[in-house]
């Protein structure tokens, strides 16, 4: 039976090094399962593997899309499964997939419901409302049309609210009703390994990696992406905090949050040092959310990475 080995875990835990070692041992490429590393304009802030790491083993789904493109977990499911079939057809017995995007991993393992295609006119109108009225107005519409989604999704995330509301309005059905399809069967075995570290050690690695990103040119990378800041791909930790600092420096406080419809609860970002603090804090929050998301999955075999990388 062919096997897909999925290596997952919170950001900064050490997935890249471990997945490369695993891929080399099995003669496999690494199939990236990261919803941000796929964008070619984003490298430093998404912790894309180094040139040396990329050269050591073939990687897929790294820098293959532009931030201007709409890319979804549904598209990833189709493309990743096609690649997996091709690679198994070439004689691979075990394939290595690695990443921290839980929704993308679920798409490959279980499949997604058939959500309707994006309606560009409706999406543009909802995005305009998000910008002009803020997320609260859209949240109230979602609460009326789909109380279950209102209670379960991240309603502070303007893009998530827009998508859920868009589906409700397009189909006349609650967004939550599309999440009830049975799990799809795959014609290969799936093994999931979750990598873990003690919390204090993980947080220290996160804080240190943010500093390394800044030293490597994160500010310049974010500056180059200013024309695209309104796009969903750029509503990402490490980018939005620097955008907020740029806005303060240019006398446009609040513009970063107006772009996404979210409220600024942190006050103005008045220095690079403050932006760094927020990136570190928000990345730690993201790591906690990742771990919380995966706690429900009993198929994951958790391992202390300090033991396996000795």
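No value in this document is a laboratory result; all are computed from the given coordinates. Predicted, not measured: the structure shown is a model, and the values here were computed from it.
Numbers below:
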quantity: Value of Rg/Rh across the chain [Cα atoms, Kirkwood radius]; calculated: 0.96
quantity: Kirkwood Rh and Cα Rg combined as Rg over Rh, evaluated for region 81-235; calculated: 1.03
quantity: Long-range tail of P(r) for region 67-133 (Cα pairs > 18 Å, %); calculated: 55
quantity: Mean residue ellipticity (222 nm) of the chain, computed from DSSP H runs ≥ 4 via -39,500 (n - 2.57), nearest 500; calculated: -15500 deg cm²/dmol
quantity: Dimensions (Å) - region 11-152, Cα atoms, principal axes, largest first; calculated: 53, 31, 27
quantity: GNM result for the chain, Cα springs below 10 Å: residue of 15, 298, 192 fluctuating most strongly; calculated: 298
quantity: Fluctuation leader among 74, 251, 194 - the chain, Gaussian network, Cα springs under 10 angstrom; calculated: 251
quantity: Relative contact order, percent, the chain [alpha-carbon distance under 8 Å, six or more residues apart]; calculated: 25
quantity: Descending semi-axes in Å of region 4-54, equivalent ellipsoid built from Cα gyration tensor; calculated: 19, 12, 11
quantity: Length-normalised contact order of region 120-179 in % [C-alpha pairs under 8 Å, at least 6 apart]; calculated: 33
quantity: Region 120-179, Rg to Rh (Cα coordinates; Rh as Kirkwood inverse mean 1/r); calculated: 0.92
quantity: Extension reserve of the residue 122-residue 302 stretch, reckoned as 0.36 nm per residue once the Cα distance is removed; calculated: 60.6 nm
quantity: Gaussian network model of the chain, springs between alpha carbon atoms under 10 Å - residue of 108, 269, 57 with greatest fluctuation; calculated: 57
